[in-house]
1. Mind checking B:95-105 for the average number of partner chain beta-carbons within 10 Å of each residue's beta-carbon?
2. Amide H neighbours of B:A28 under 5 Å, counting only residues 5+ apart in sequence or on other chains, H built in-plane at 1.01 Å?
3. Which value at 222 nm does chain A reach when only helices count, each DSSP H run of 4 or more adding -39,500 (n - 2.57), with the total divided by all residues and rounded to the nearest 500 deg cm²/dmol?
4. Can you list the lysines whose alpha carbon is less than 19 Å from that of A:K29, not counting same-chain residues fewer than 8 positions off?
5. Check B:S7: other-chain or 5+ apart residues with amide H under 5 Å from its amide H, H built from backbone geometry?
6. Tell me, what ³J(HN,Hα) does each residue in the stretch A:112-120 have, in order and in whole Hz, if you take phi through Karplus 6.51 cos²θ - 1.76 cosθ + 1.60 with θ = phi - 60° and put x for Gly and Pro?
7. With +1 assigned to the C-beta of every Lys and Arg and -1 to the C-beta of every Asp and Glu, and no other charges, what is the dipole magnitude of the stretch A:1-53 about the Cα centre in debye, to the nearest 20?
8. Taking just the C-alpha trace of the protein assembly as shown, give me its Rg and Dmax in Å.
Amino acid sequence: MTAGTRNALLGATGIALFLVLWETVGQLKLAGISWPPLSAVLEMLTDEGRRPLFQRALVATLEETAQGYLWGTTAGLALAALAHLVPPLRRGSDRLAAVLNSVPSIALGPIFLVLLSRDSTPAAVSSIHVFFIVFVSMGSGLERATPAHRDLFAVLGADRLKRFRRLELPAALPALASGLRLAWPAALIGAIIGEWFGASRGIGILIINAMQNFQIVLLWCAVLLAVGASLVFYGLLTLLERAAYARFG
Amino acid sequence: MAGGGASITIDRASKRFALAGSSEGVLALTDLSLEIAPGEFVAILGPSGCGKSTLLRLVASLEQPSGGSVSIGGAAPGLVSARHALGVAFQDHALLPWLSIHDNIALPFRIAGRRVDEAAIARLIELVGLGRFETARPRQLSGGMRQRASIARALVLEPEVLLLDEPFGALDAVTRRQMNVELQRIWSERRITTLLITHSVDEALFLADRVVVMSGRPGRIVREVVVPFARPRAPAVMRSEEFHHLVDDLTAALEAPEPEPSPSTGGEAIGSGTA
């Protein structure tokens, strides 16, 4: 058995154990009524009648997340590249990003609500999360070129832009791909938090409604949807990351 | 012999590196003068830490001298580098892992903003014996093949000066000898002014027109030998008695104890106004 299959097997066993534990605790009501058995949650999730509800929520949240992901990535890349090419900007942009990241997004929500429309608040909160991760990963990625490669470009007479385009940018892609992978779950959390400030639909709205009406099973359905939306894209981005390391690492 | 390229003039160059906790820093080179004629191949031989790589970095414009001057064909190395007229190969092959061998060799054209001369690249790939590996990536090749690619890249812009910093230092002895024979053949076709840094006596003698021995801390020249063998040189040269004799001579110079500071290096204070 190779190390890879053994790892996969161990992982699958772990997940199966967890699901069995979930079901058992739920069936025996060991954690009270707020812990329903897995089977009850899955039953509601696959219920034909509720499908439009879940679908609408999922699509809305995915749209906001994708939008925030795109904005955040664009802003993160632009600022990282600018800070790299214009060294005097470097310290200032590092500080700005750190300050932005240290403000809890739950506190930013109301500000976005005032500045933007209710429906763009989720994407805005999401983009803040993404921005910081992409900015930091791209910034550190641009420093990855080896001293030997830098010496080579210097001796060959490369100007700053040529060095950026032909050396630093390709060398940064693996680190950037890692950042893009980590940014997806952060983007999703941002969108869900953003929805709590009054979006008209989405997984976050589903969560709030379920909580307020004490619909425990529905609440767990929403959580499972969020986990699924996170894991699927996280998996796809992991493949992208592997490709980047194989090609540019 | 009719050579190509520019001359290199190193005039009383010194290099001092800053060192944390020391106001004086470290003196890597002191008062070093060396003149390399156009088309001449000079090898610098010395123990590790003797400043021989620092010397190459001064010529490559990667470092600035703390005193004295370095020029290539009368111009500052930085200007020569800016007009893309330096070729360089390091011990680390420094090929870009995401480019094919062909694209790595084409890189100097792209950096210089010139049209990629496919014919020149094809000729060089053939010359260094990488004919079937143009589309391969560096990590698919052996250490020796990567160094060949790196030497082809150094030559592709037909530089005025070729700088080689222990290009075969990381190779095994057999591959290294083979690479020396190939470099000798390649160089004999181009005859560009070349500065080779090495710690191998055989390599220096087999490749160079002149071998310069440096001693360390601070680096200075202790011996110079003009190599008498005619070009092109066959590997058989390395088995001749004269070759062995020169190897012994240079090895002795390398292993000699630090020489006493001569009066001229001891009291360097020209132009200092204080008593």
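1. Details: counts 3, 9, 7, 8, 2, 0, 0, 0, 0, 0, 0.
The shielding value for this peptide is 3.
2. Those qualifying (amide H under 5 Å, at least 5 residues apart or on another chain) are B:K15, B:R16, B:F17.
3. Numbers: 11 runs with 198 residues, N = 249.
Taking each H run of at least 4 residues, the total per residue is -27000 deg cm²/dmol.
4. Correct list for A:K29: empty, as no lysines qualify.
5. The answer is B:G73.
6. Taking θ as phi minus 60°, the curve returns 4, 4, 6, 6, 10, 7, 4, 7, 9 Hz for the stretch A:112-120.
7. 160
8. 32.3, 100
We did not get these values from a lab; they are worked out from the coordinates using the rules stated. Source: prediction; values computed, not measured. Counting neighbours? That spans all protein chains shown, and the Cβs are built from the backbone with ideal geometry, glycine included.
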